[in-house]
Amino acid sequence: MRECMIRRFVACLMASLALDAVAHDLLSAESVQAYLARVADLQKTLASGNAGEARAQASLQLGETLDEIRELLNRDLEAHGKVQGLASSVLMSELTGHGAPLAYSARTNRFTANLTYYREALRLAPSGPIAAQASFRLLKGYFYDSFSDDPLQPAAQSQAQLAEQIRLGEDLLKKVPRHAEREEASFILVVHYVQAARTAERGSGRAAFAQKARVMAGEFAKTYPESLRSAALPQLLEGLPAGR
(Lines give C-alpha, C1' and ligand atoms only; values in the text may rest on other atoms or scores of the structure.)
Protein backbone atom coordinates (compact mmCIF):
# COMPACT_ATOMS: atom_id res chain seq x y z
CA MET A 1 0.00 0.00 0.00
CA ARG A 2 2.76 2.44 0.96
CA GLU A 3 4.67 1.67 -2.26
CA CYS A 4 1.51 2.26 -4.30
CA MET A 5 1.00 5.64 -2.63
CA ILE A 6 4.63 6.56 -3.29
CA ARG A 7 4.31 5.67 -6.96
CA ARG A 8 1.17 7.78 -7.32
CA PHE A 9 2.96 10.71 -5.66
CA VAL A 10 5.88 10.43 -8.08
CA ALA A 11 3.59 10.09 -11.10
CA CYS A 12 1.48 13.10 -10.11
CA LEU A 13 4.57 15.18 -9.40
CA MET A 14 6.09 14.42 -12.79
CA ALA A 15 2.81 15.03 -14.58
CA SER A 16 2.48 18.46 -13.00
CA LEU A 17 6.08 19.33 -13.84
CA ALA A 18 5.58 18.27 -17.44
CA LEU A 19 2.95 20.96 -18.03
CA ASP A 20 3.98 24.17 -19.74
CA ALA A 21 4.58 27.02 -17.32
CA VAL A 22 2.78 29.47 -19.66
CA ALA A 23 -0.96 29.04 -20.05
CA HIS A 24 -2.27 28.87 -23.60
CA ASP A 25 -5.34 30.71 -24.80
CA LEU A 26 -8.20 28.54 -25.92
CA LEU A 27 -8.18 27.64 -29.59
CA SER A 28 -9.98 30.14 -31.80
CA ALA A 29 -10.53 30.48 -35.54
CA GLU A 30 -7.56 32.85 -35.66
CA SER A 31 -5.20 30.57 -33.74
CA VAL A 32 -6.26 27.58 -35.86
CA GLN A 33 -5.38 29.48 -39.04
CA ALA A 34 -2.05 30.53 -37.52
CA TYR A 35 -1.18 26.95 -36.60
CA LEU A 36 -2.14 25.66 -40.04
CA ALA A 37 -0.10 28.36 -41.77
CA ARG A 38 2.92 27.53 -39.61
CA VAL A 39 2.61 23.82 -40.33
CA ALA A 40 2.30 24.48 -44.07
CA ASP A 41 5.40 26.70 -44.09
CA LEU A 42 7.45 24.12 -42.21
CA GLN A 43 6.27 21.33 -44.50
CA LYS A 44 7.28 23.44 -47.50
CA THR A 45 10.79 23.81 -46.08
CA LEU A 46 10.99 20.07 -45.39
CA ALA A 47 10.02 19.29 -48.97
CA SER A 48 12.46 21.81 -50.43
CA GLY A 49 15.98 21.27 -51.66
CA ASN A 50 17.38 23.44 -48.89
CA ALA A 51 20.43 22.46 -46.90
CA GLY A 52 20.03 19.66 -44.39
CA GLU A 53 20.28 21.99 -41.41
CA ALA A 54 17.39 24.14 -42.66
CA ARG A 55 15.22 21.06 -43.10
CA ALA A 56 16.34 19.74 -39.70
CA GLN A 57 15.25 23.00 -38.08
CA ALA A 58 11.90 22.79 -39.86
CA SER A 59 11.39 19.20 -38.72
CA LEU A 60 12.22 20.13 -35.13
CA GLN A 61 9.83 23.09 -35.21
CA LEU A 62 7.08 21.02 -36.80
CA GLY A 63 7.35 18.47 -33.99
CA GLU A 64 7.28 21.26 -31.40
CA THR A 65 4.27 22.90 -33.06
CA LEU A 66 2.31 19.65 -33.06
CA ASP A 67 3.30 19.06 -29.44
CA GLU A 68 2.00 22.51 -28.54
CA ILE A 69 -1.32 21.70 -30.20
CA ARG A 70 -1.61 18.26 -28.61
CA GLU A 71 -1.01 19.73 -25.13
CA LEU A 72 -3.98 22.03 -25.68
CA LEU A 73 -6.18 19.20 -26.88
CA ASN A 74 -5.07 16.90 -24.05
CA ARG A 75 -6.35 19.44 -21.55
CA ASP A 76 -9.72 19.09 -23.25
CA LEU A 77 -9.49 15.30 -23.01
CA GLU A 78 -8.55 15.49 -19.33
CA ALA A 79 -11.45 17.80 -18.55
CA HIS A 80 -14.19 16.31 -20.74
CA GLY A 81 -12.99 12.93 -21.98
CA LYS A 82 -13.16 14.13 -25.58
CA VAL A 83 -12.09 17.03 -27.79
CA GLN A 84 -14.71 19.75 -27.76
CA GLY A 85 -15.32 22.82 -29.87
CA LEU A 86 -15.53 23.50 -33.59
CA ALA A 87 -12.09 25.11 -33.77
CA SER A 88 -10.42 22.03 -32.25
CA SER A 89 -12.26 19.67 -34.58
CA VAL A 90 -11.37 21.76 -37.63
CA LEU A 91 -7.71 21.89 -36.60
CA MET A 92 -7.51 18.11 -36.14
CA SER A 93 -9.19 17.49 -39.48
CA GLU A 94 -7.00 19.96 -41.36
CA LEU A 95 -3.81 18.60 -39.86
CA THR A 96 -4.77 15.12 -41.01
CA GLY A 97 -5.65 16.46 -44.44
CA HIS A 98 -2.27 18.17 -44.69
CA GLY A 99 -0.41 14.96 -43.85
CA ALA A 100 0.53 16.00 -40.31
CA PRO A 101 -1.95 14.18 -38.07
CA LEU A 102 -1.49 14.23 -34.33
CA ALA A 103 -0.25 10.98 -32.82
CA TYR A 104 -2.84 9.41 -30.51
CA SER A 105 -2.95 6.59 -27.96
CA ALA A 106 -6.25 4.78 -27.54
CA ARG A 107 -4.83 3.12 -24.42
CA THR A 108 -4.51 6.42 -22.55
CA ASN A 109 -7.00 8.48 -24.57
CA ARG A 110 -4.32 11.12 -25.07
CA PHE A 111 -2.52 12.68 -27.98
CA THR A 112 1.12 11.70 -27.82
CA ALA A 113 4.38 13.34 -28.85
CA ASN A 114 5.08 13.34 -32.59
CA LEU A 115 8.49 11.74 -32.27
CA THR A 116 9.05 11.08 -35.97
CA TYR A 117 9.86 14.75 -36.58
CA TYR A 118 12.52 14.78 -33.88
CA ARG A 119 14.09 11.62 -35.27
CA GLU A 120 14.16 13.21 -38.73
CA ALA A 121 15.75 16.36 -37.31
CA LEU A 122 18.46 14.22 -35.73
CA ARG A 123 19.02 12.36 -38.99
CA LEU A 124 19.45 15.62 -40.89
CA ALA A 125 21.55 17.32 -38.21
CA PRO A 126 23.21 14.69 -35.99
CA SER A 127 25.19 17.27 -33.99
CA GLY A 128 24.87 20.84 -32.81
CA PRO A 129 22.04 22.85 -31.20
CA ILE A 130 19.29 21.35 -33.37
CA ALA A 131 20.39 17.82 -32.46
CA ALA A 132 20.51 18.73 -28.77
CA GLN A 133 16.96 20.06 -28.76
CA ALA A 134 15.64 17.19 -30.87
CA SER A 135 17.30 14.71 -28.50
CA PHE A 136 15.69 16.33 -25.48
CA ARG A 137 12.28 16.38 -27.16
CA LEU A 138 12.65 12.69 -28.01
CA LEU A 139 13.72 11.85 -24.47
CA LYS A 140 10.91 13.81 -22.87
CA GLY A 141 8.17 12.93 -25.36
CA TYR A 142 8.72 9.19 -25.17
CA PHE A 143 9.10 9.20 -21.38
CA TYR A 144 5.86 10.94 -20.45
CA ASP A 145 3.89 8.93 -22.98
CA SER A 146 5.32 5.61 -21.78
CA PHE A 147 3.34 5.28 -18.54
CA SER A 148 -0.06 6.10 -17.10
CA ASP A 149 0.14 6.00 -13.30
CA ASP A 150 3.43 4.39 -12.40
CA PRO A 151 6.67 5.66 -14.00
CA LEU A 152 8.41 2.47 -12.92
CA GLN A 153 5.85 0.35 -14.77
CA PRO A 154 5.90 1.66 -18.36
CA ALA A 155 3.44 0.02 -20.72
CA ALA A 156 4.98 -2.33 -23.27
CA GLN A 157 8.45 -0.82 -23.05
CA SER A 158 11.04 -3.09 -24.62
CA GLN A 159 14.62 -3.40 -23.48
CA ALA A 160 15.69 -1.88 -26.81
CA GLN A 161 13.49 1.17 -26.25
CA LEU A 162 14.81 1.61 -22.72
CA ALA A 163 18.40 1.28 -23.93
CA GLU A 164 17.77 3.92 -26.60
CA GLN A 165 16.31 6.30 -24.02
CA ILE A 166 19.32 5.84 -21.77
CA ARG A 167 21.68 6.42 -24.69
CA LEU A 168 19.82 9.59 -25.67
CA GLY A 169 19.92 10.96 -22.13
CA GLU A 170 23.56 10.12 -21.51
CA ASP A 171 24.69 11.57 -24.85
CA LEU A 172 22.71 14.76 -24.29
CA LEU A 173 24.14 15.39 -20.83
CA LYS A 174 27.66 14.58 -21.99
CA LYS A 175 27.65 16.64 -25.18
CA VAL A 176 25.59 19.58 -23.91
CA PRO A 177 26.33 19.84 -20.17
CA ARG A 178 24.73 23.29 -19.96
CA HIS A 179 21.53 22.38 -21.80
CA ALA A 180 18.63 24.58 -20.71
CA GLU A 181 16.57 21.50 -19.82
CA ARG A 182 19.35 19.62 -18.05
CA GLU A 183 17.35 19.34 -14.83
CA GLU A 184 14.44 17.52 -16.46
CA ALA A 185 16.70 15.37 -18.65
CA SER A 186 18.72 14.31 -15.59
CA PHE A 187 15.58 13.41 -13.67
CA ILE A 188 14.22 11.33 -16.55
CA LEU A 189 17.54 9.52 -16.78
CA VAL A 190 17.38 8.63 -13.07
CA VAL A 191 13.96 7.05 -13.65
CA HIS A 192 15.28 5.10 -16.64
CA TYR A 193 18.24 3.83 -14.62
CA VAL A 194 15.83 2.57 -11.96
CA GLN A 195 13.70 0.93 -14.66
CA ALA A 196 16.81 -0.73 -16.11
CA ALA A 197 17.90 -2.01 -12.69
CA ARG A 198 14.44 -3.53 -12.19
CA THR A 199 14.35 -5.27 -15.57
CA ALA A 200 18.00 -6.26 -16.08
CA GLU A 201 19.03 -9.83 -15.57
CA ARG A 202 20.38 -10.62 -12.14
CA GLY A 203 24.06 -9.89 -11.72
CA SER A 204 26.44 -7.11 -12.61
CA GLY A 205 24.06 -5.41 -15.07
CA ARG A 206 21.40 -4.89 -12.44
CA ALA A 207 23.93 -3.66 -9.89
CA ALA A 208 25.50 -1.26 -12.40
CA PHE A 209 22.22 0.43 -13.23
CA ALA A 210 21.28 0.66 -9.56
CA GLN A 211 24.61 2.37 -8.86
CA LYS A 212 24.09 4.78 -11.76
CA ALA A 213 20.66 5.65 -10.41
CA ARG A 214 22.02 6.41 -6.94
CA VAL A 215 24.96 8.45 -8.24
CA MET A 216 22.85 10.56 -10.57
CA ALA A 217 20.17 11.03 -7.92
CA GLY A 218 22.84 12.29 -5.52
CA GLU A 219 24.23 14.68 -8.12
CA PHE A 220 20.72 15.90 -8.92
CA ALA A 221 19.91 16.63 -5.29
CA LYS A 222 23.13 18.62 -4.90
CA THR A 223 22.68 20.55 -8.13
CA TYR A 224 18.95 21.26 -7.75
CA PRO A 225 18.27 21.27 -4.00
CA GLU A 226 15.20 23.50 -4.37
CA SER A 227 13.64 21.49 -7.19
CA LEU A 228 10.34 19.73 -6.53
CA ARG A 229 11.77 16.78 -8.40
CA SER A 230 14.36 16.31 -5.65
CA ALA A 231 11.51 15.42 -3.28
CA ALA A 232 10.64 12.44 -5.48
CA LEU A 233 14.15 10.96 -5.65
CA PRO A 234 14.12 8.98 -2.36
CA GLN A 235 10.82 7.38 -3.32
CA LEU A 236 12.12 6.52 -6.78
CA LEU A 237 15.21 4.88 -5.33
CA GLU A 238 13.01 2.76 -3.11
CA GLY A 239 11.91 1.12 -6.34
CA LEU A 240 15.36 -0.39 -6.86
CA PRO A 241 15.61 -4.17 -6.46
CA ALA A 242 16.22 -5.27 -2.90
CA GLY A 243 19.91 -5.49 -2.00
CA ARG A 244 21.00 -3.31 -4.92
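The values are calculated or read from the model by the stated rules, or taken from the named source; none is laboratory data. It should be emphasised that the depicted structure is a prediction, and the values quoted were computed from it without experimental measurement. Methodologically, a virtual Cβ is constructed for each residue, glycine included, from the backbone with ideal geometry; neighbour enumeration extends over all protein chains shown.
What tally of residues in region 199-234 results from selecting those that are crowded, with 17+ Cβ neighbours inside 10 Å and not in a loop (DSSP other than H, G, I, E, B)?
14
So which pairs qualify, if the first residue must be in region 138-167 and surrounded by fewer than 20 Cβ atoms within 10 Å (Cβ to Cβ), the second must be at pLDDT below 90 and among the β-branched types (Val, Ile, Thr), the Cβ gap must be under 7 Å, and the two must be at least 6 apart or on different chains?
148/108
Give the number of residues within region 90-109 that are exposed (fewer than 14 other Cβ atoms within 10 Å of the Cβ) and either free of Cβ contacts under 8 Å to residues at least 24 places away in the same chain or in a helix (DSSP H, G or I) (or both).
Here the count works out to 4.
Quick grid of which residues meet (1) within 23 Å of the chain's Cα centre (by Cα); (2) surrounded by fewer than 17 Cβ atoms within 10 Å (Cβ to Cβ):
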residue	(1), (2)
33	no, yes
38	yes, yes
44	no, yes
51	no, yes
59	yes, no
78	yes, yes
82	yes, yes
